[in-house]
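> Please read through the structure below; I'll follow up with questions.
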Amino acid sequence: MSNSRAAIRYAKAILGLAIDNKVTDAVEKDMRSVVATISESKELRDMLSNPVISGPAKKDVLKAVFKDGHAISEGLMTMLVDNKRISILNEVALKYIILNEDLKGKGVAYVTTAVPMTDSLEKQILKQVASITGNEVTLENKIDESIIGGFILRVGDLQYDASVSNKLNNLRREFTNSL
């Protein structure tokens, strides 16, 4: 089974447990901490993927690193170590966050801008997205100077390109076609 399929299975199982225990947000906080910690620590990544290090040693390290985590999060890590799947912990955490965001009706909209968004632009985009999707979303802003100005908005598989570079490309195409 692919790591991605396995990660989704584990994430769904953990989400089910979290829903039953009414602790979905507490577990999401742990999963965000897992993603942040794993991305910041090469030592932790290496340790988790090292087959020579024993399961109990990995459990001890994880318990120490994530000592304030919820019992469900701890159970997930123990289960992944026992099933020799601890190397996919980061992917499981990411999938859990996405599933829990969907459950809350909050998708994530990705906005690419040439410069950081202003508060007023952010409010405007949030309002637009809510009117299009009917859902509240959280915005993730990515900076890409190559778009020159304007913005590119991506929500799920919908993309709206209102960047200056896109308008210039369209003008160039129209100009070339009319020659």
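The values are calculated or read from the model by the stated rules, or taken from the named source; none is laboratory data. Being a predicted model, the structure only gives us computed values, none of them experimental. Every residue, glycine among them, receives a Cβ derived from its backbone with ideal geometry; neighbour counts consider all protein chains shown. Side chains are part of the model used for accessible areas, which takes the heavy atoms of the whole protein and leaves out ligands, DNA and RNA. Shrake-Rupley method; radii C 1.70, N 1.55, O 1.52, S 1.80 Å.
> Charges on Cβ only, +1 for Lys and Arg, -1 for Asp and Glu, centred on the Cα centroid of segment 139-179; of 163, 175, 139, which one is farthest towards the dipole's positive end?
175
> Quick one: with all protein chains in place, what share of the accessible area of segment 34-179 is carbon or sulfur, to the nearest percent (1.4 Å probe)?
55
> Using only helices, what value at 222 nm comes out for the chain when you add -39,500 (n - 2.57) per DSSP H run of length 4 or more and divide by the total residues, to the nearest 500 deg cm²/dmol?
-19500 deg cm²/dmol
> Follow-up. Compute the whole-percent fraction of alpha carbon pairs in the chain spaced more than 22 Å apart.
Tail fraction, whole percent: 57.
> So which of 95/123; 59/84; 29/67 end up more than 20 Å apart by C-alpha?
Pairs exceeding 20 Å: 95/123.
> Keeping every protein chain present and rolling a 1.4 Å probe, give me the accessible area per residue for the chain in Å².
63
> I've got another one for you. ³J(HN,Hα) across segment 40-57 via Karplus (A = 6.51, B = -1.76, C = 1.60, θ = phi - 60°), whole Hz, x for Gly/Pro?
With coefficients 6.51, -1.76 and 1.60, one gets 7, 10, 5, 4, 5, 4, 5, 4, 5, 8, 7, x, 6, 6, 5, x, x, 5 Hz.
> Could you pull out every residue, at least 5 positions away or on a different chain, whose amide H is within less than 5 Å of the one on residue 117? Hs are placed 1.01 Å off N in the peptide plane, and Pro or chain starts have none.
Correct list: empty.
> Within 13 Å, Cβ to Cβ, of residue 148, how many net charges do the neighbouring residues add up to if Lys/Arg are +1 and Asp/Glu are -1?
-2
> Could you compute the net charge surrounding residue 66? Neighbours are other residues with a C-beta less than 13 Å from the C-beta of residue 66; K and R count +1, D and E count -1.
Spelling it out: positives minus negatives among the neighbours equals +2.
> Ordered by residue, what ³J(HN,Hα) values in Hz, to whole numbers, does segment 6-20 give under the Karplus form 6.51 cos²θ - 1.76 cosθ + 1.60, where θ = phi - 60° and Gly and Pro are x?
Residue by residue, segment 6-20 yields 5, 4, 5, 4, 5, 4, 5, 5, 5, 4, x, 4, 5, 5, 4 Hz.
> Per residue, how big is the convex hull around the C-alpha atoms of segment 1-74? Give it to me in cubic angstrom, could you?
Roughly 102 Å³ of hull volume per residue.
> Right, next: Would you kindly derive the ³J(HN,Hα) couplings of segment 63-69 from the backbone phi angles with the Karplus curve 6.51 cos²θ - 1.76 cosθ + 1.60 (θ = phi - 60°), listing them in order in whole Hz, with x for Gly and Pro?
Computed from phi, the couplings for segment 63-69 are 4, 5, 5, 10, 5, 9, x Hz.
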